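The values are calculated or read from the model by the stated rules, or taken from the named source; none is laboratory data. All values reported here derive from a predicted model rather than from experimental measurement. When we count neighbours, we look across all protein chains shown, and the Cβ atoms used for this are built from the backbone with ideal geometry, even at glycine. Just so you know, the surface numbers come from the protein's heavy atoms only, side chains and all, with ligands and any DNA or RNA stripped out. Shrake-Rupley method; radii C 1.70, N 1.55, O 1.52, S 1.80 Å.
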Amino acid sequence: SSDLIVNEGVTVESVYGKAVILAPMGLDNGAARYSTLNVNGGRITGRYAITGYGSARDTYITVNVNSGIVYGRDVAIYQPQFGDVTVNGGTVTGGGEAAIAMRSGDLVVNDGAVAGIIDVLGDHHVSNRENATTDVELNGGDFTAATLKYAVGNGNVVTKAENVKLAAPAGYIWANGRLTKAENVATANEIKEALASGKDVLLANDVETTDKVIIANGSVFDGNGNTIDFGGGFTGYEKAVNVNNGTLQNITVDNAYRAVGADGCTNDIYLDN
């Protein structure tokens, strides 16, 4: 239940196991206990480089990587309990299971480099942490060798950084840097009904229709790489896809004189891919 600072010139290495274990134990007169690790340089390496102690309830750990190297042959940073992981610089690399494995707490990456899987609420059981909620913010940094794997949609994910590869769970889509739940649709009628009710939709296949598609209420229409063909309709001023408040992405809109436009725009419009 204390703080640890690792500075430049320091090497912490575990050949077979865990290099740094943060294990705030028990309660302090009924209050939760805390441990904080600040990495200001140096090198931390191990099978698990930095890990919390996940069987303790009502304990908090905070990991701040400001510079230096954190390398885990399996996992570089493992966060199994309440608290935060913040990367402001340095390099965090996971050679096996994950670079950063979040089972609880929140993750913020502002700068530095992350190489490997950023695994959020994955398959592992979290002791005494049912209904764990994890928020993720990727504000900046180098993610060219990283993949964000968000396994459970319990929390918010926002990415403003570039070069982030995203692996969304089934039934979810990425839109405007956020993870959102979507309804699978396969026909023109299903598209119309889902969008009219304000849902986000994911197109399962190519669709031919002569019905106008209206995206309002901030909804996301994700074409999933498919094509919507309007059969040569809408030859006048009408738009085949009218986006007046929402997002149209990952789709080909074909065979319409005015394919996409806005009538009565009430908010921002996003067109992506």
Per-residue SASA entry for R33, accessible area with 1.4 Å probe, Å² rounded to 10: 70 Å²
24 Å Cα-Cα reach of K199 towards lysines, excluding residues that sit fewer than 8 places from it in its own chain: K149, K160, K181, K212, K239
Derived scalar couplings ³J(HN,Hα) [segment 67-84; Karplus, 6.51 cos²θ - 1.76 cosθ + 1.60; whole Hz; x for Gly, Pro]: 6, x, 10, 10, 10, x, 5, 9, 9, 7, 10, 10, 10, x, 9, 4, x, 9
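How long are the semi-axes of the equivalent ellipsoid of segment 211-273, defined as square roots of 5 times the Cα gyration tensor eigenvalues? Whole Å, largest first.
On the way: eigenvalues 62, 45, 12 Å².
Whole-Å semi-axes of the equivalent ellipsoid: 18, 15, 8.
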Reciprocal mean inverse distance between Cα atoms of the chain - Kirkwood radius, Å: 20.6 Å
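Mind putting a number on the dipole of the chain about its Cα centre? Charges go on the C-beta only, +1 for Lys and Arg and -1 for Asp and Glu, and I need it in Debye to the nearest 20. Working shown, then result.
Details: 18 positive and 31 negative charges, 125 e Å.
Dipole magnitude for the chain comes out near 600 debye.
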Peptides 222-230, 69-77 ordered by average Cβ neighbours within 10 Å, highest first: 69-77, 222-230
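Take every Cα pair under 8 Å in the chain that's 6+ residues apart, average their separations, divide by the length, and report that relative contact order as a whole percent.
Values: 836 pairs, mean separation 24.5, N = 273.
Reported relative contact order: 9 percent.
Grab the eigenvalues of the alpha-carbon gyration tensor for segment 175-260, scale each by 5, take roots, and send me the semi-axes largest first in whole angstrom. Walk me through the intermediate numbers first.
Values: eigenvalues 78, 35, 26 Å².
Sorted largest first and rounded, they come to 20, 13, 11 Å.
Which order do Y60, Y237, Y172 take by accessible area at a 1.4 Å probe, largest first?
Values: Y60 75, Y237 180, Y172 55 Å².
The ordering from most to least exposed comes out as Y237, Y60, Y172.
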DSSP-defined beta bridges in segment 144-273 - what % are antiparallel, rounded to 5: 15 percent
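Using heavy-atom solvent-accessible surface (probe 1.4 Å) with all chains present, what is the largest-first order of E97, E208? Don't skip to the end; give the middle numbers.
Values: E97 65, E208 155 Å².
Putting E97, E208 in descending order of accessible area: E208, E97.
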HN-Hα J in Hz across segment 175-190 - Karplus 6.51, -1.76, 1.60, θ = phi - 60°, x for Gly and Pro: 8, 6, x, 10, 8, 9, 7, 10, 9, 6, 10, 10, 10, 4, 5, 5
Whole-Hz couplings from phi, Karplus 6.51/-1.76/1.60, listed for segment 266-273; x for Gly and Pro: 10, 7, 5, 10, 10, 10, 9, 6
